Amino acid sequence: MSESKPIPQMDLAAQYAAIGGKIREAVTQVLASQQFVLGKEGAALEREIAELCGVQHGIGVASGTDALILALRAAGVAAADEVILPPFTFVATGSAVSALGAKPVFADIDSETFNVHPDEISKRVTPRTRAIIVVHLYGLAADMDPIRDTARRHGIPVVEDNAQAIGARYKGTPTGALGDIDCVSFYPTKNLGAYGDAGMIVTDSSEINGRLRTLRNHGQASRYSSVEPGWNSRLDEIQAAILRVKLRYLADWERARRAHAAHYSKLLASVGEVKTPQTPEGYEHVFHQYTIRVPRRNALQKYLSDRTIGNAVYYPVPLHLQPIYASLGHGPGAFPEAERAANEVLSLPMFPELQGDQIERVAKAVAGFFAG
Ligand SMILES: Cc1ncc(COP(=O)(O)O)c(C=O)c1O
């Protein structure tokens with residue numbers, strides 16, 4: 001590949017070029033069936049995703065954000081309750097809590113993994129804590145054993161925000177089976193992405209499964225019999241059919257992501273300023289993002305962009321410093337690890353179809369920046 005050709009941070013076109021024929025066939029079948037909502041593709045996808053996550057039930061919904069709102073509602077979260085979550089995440093993790101009128105209580109992250117620190121959670125439990133949300137950021141599971149111990153001790157449910165880590169494992173257990181209710185996003189850029197918005201909740205609890213099936217469909221326990229205020233939040237048949245095609249490739253794609261990550265880490269090992277992402281013993285990372293920590297991050301970002309190398313900062317402003325949470329009164333310094341991460345992280349190009357010579361060019365550019 002030529003030195004000057006841009007390298008995108010992520011590239012969906014390469015995937016579509018490879019599997020577009022199968023996708024179009026699946027969509028055509030749905031069009032022929034004329035069944036668009038709550039049909040057999042959605043039901044099959046629910047079974048397949050539940051199986052992948054190692055739990056009993058999958059409930060298709062309209063987005064990862066809806067999955068979080070509905071999961072919290074099913075966990076019993078209501079106005080004035082407290083929900084513990086990390087501040088270093090996409091805003092949807094927090095706004096799902098706020099959508100129910102509950103109060104987000106932030107717990108700082110671990111500097112090595114970018115995930116919520118278990119000790120920070122246990123410090124923040126109060127009699128009003130109604131749920132704990134863990135986010136498996138960038139494709140790496142949170143440290144679940146101590147988090148589950150805290151939750152069990154206090155009788156609090158754990159909701160997994162698994163928007164970024166479907167297929168990842170912690171001590172042999174897949175994400176999705178690590179808490180009480182798990183929320184998946186199929187946003188197009190996720191490791192398993194739809195061609196529009198879509199999401200799923202998975203759980204082992206039959207009771208929560210039943211409640212969520214009602215909640216996502218206007219609170220209807222049966223047709224035209226609504227037992228509580230619900231939503232219209234359903235995963236449509238076209239998206240389900242597309243996701244079922246893509247699901248067949250997910251393990252291969254995630255294997256490719258891991259190989260790319262290993263390649264980057266090997267090449268960047270000699271660049272002292274760069275801290276490459278760590279995978280602790282017993283974890284299986286799926287590298288939704290390959291995220292390094294660096295000094296002079298903004299200058300490196302510009303340097304890469306000037307050389308047509310795609311890059312992104314997930315996330316530049318932690319939730320406690322966002323205008324939406326100004327009323328909580330947390331100033332700079334309140335969650336130092338989240339703030340340090342927000343200033344230092346940079347995600348390099350990562351998608352399954354990335355080529356070895358592209359990885360080499362990116363790594364060379366990063367090394368060149370620090371050598372210069
Ligand atoms: C960590 C995290 N939580 C929640 C979401 C929300 O998912 P969606 O975009 O499907 O609503 C996303 C993705 O956008 C995410 O990355």
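General remarks:
- Stretch gain in nm, segment Ser111-Gln34, where the contour uses 0.36 nm per residue and the Cα spacing is subtracted: 22.7 nm
- Modelled label reach - Asp252, point 7 Å along Cα→Cβ, the stretch 48-78 residues with backbone N closer than 17 Å: none
- With the biggest extent put first, the Cα atoms of the stretch 243-302 measure 42, 29, 17 Å across the principal axes.
- Counting only protein heavy atoms and a probe of 1.4 Å, the accessible surface of the stretch 259-339 is 55% carbon and sulfur.
- Kirkwood-type radius of the chain, with distances r between different C-alpha atoms, in Å: 21.3
- Springs between Cα atoms under 10 Å define the GNM used for the chain, and in it the highest mean-square fluctuation of Tyr16, Tyr315, Tyr170 occurs at Tyr16.
- Spherically averaged projected area in nm², based on the convex hull that wraps the Cα atoms of the stretch 264-372: 8.5
- Listed residues Pro146, Pro229, Pro318, most fluctuating in the chain (Gaussian network, C-alpha, under 10 Å): Pro229
- Volume in Å³ per residue [convex hull over Cα atoms, computed for the stretch 58-191]: 96
- Rg and Dmax of the stretch 178-280, Cα atoms only, in Å: 19.5, 64
- Our estimate of slack between Glu281 and Ser206, defined as 0.36 nm per intervening residue step minus the Cα-Cα distance, is 23.7 nm.
- Carbon plus sulfur fraction of accessible area for the stretch 105-179, probe 1.4 Å, in percent: 43
- Were the residues from Arg24 through Ala80 laid out at 0.36 nm apart, the gain over their Cα-Cα distance would be 15.5 nm.
- Relative contact order for the stretch 230-349, counting Cα pairs under 8 Å that sit 6 or more residues apart, in percent: 25
- Positive dipole terminus of the chain, leading residue within Leu321, Ile7, Thr150 (C-beta point charges): Ile7
- Computed [θ] at 222 nm, helices only, for the chain once each DSSP H run of length n ≥ 4 contributes -39500 (n - 2.57): -12500 deg cm²/dmol
- Computed from the alpha carbon atoms alone, the convex hull of the stretch 1-65 holds 152 Å³ per residue.
- Based on Cα atoms of the stretch 1-110, Rg over Rh with Rh as the Kirkwood radius reads 1.10.
- In terms of packing, defined here as the mean over residues of other Cβ atoms within 10 angstrom, the peptides 356-364, 110-118 line up highest first as 110-118, 356-364.
- Per residue, the chain exposes an accessible area of 41 Å² to a 1.4 Å probe, with every protein chain left in place.
- Near-label residues of the stretch 194-215 by backbone N, under 14 Å of a point 7 Å along Cα→Cβ of Gln322: none
- Fluctuation leader among Ala240, Ala92, Ala168 - the chain, Gaussian network, Cα springs under 10 angstrom: Ala92
The values are calculated or read from the model by the stated rules, or taken from the named source; none is laboratory data. Predicted model only: the values in this text are computed from it and were never measured. All Cβ positions, glycine included, derive from the backbone under ideal geometry; neighbour counts span all protein chains shown. Remember, those area values only see protein heavy atoms, side chains included, never the ligands or the DNA or RNA. Shrake-Rupley method; radii C 1.70, N 1.55, O 1.52, S 1.80 Å.
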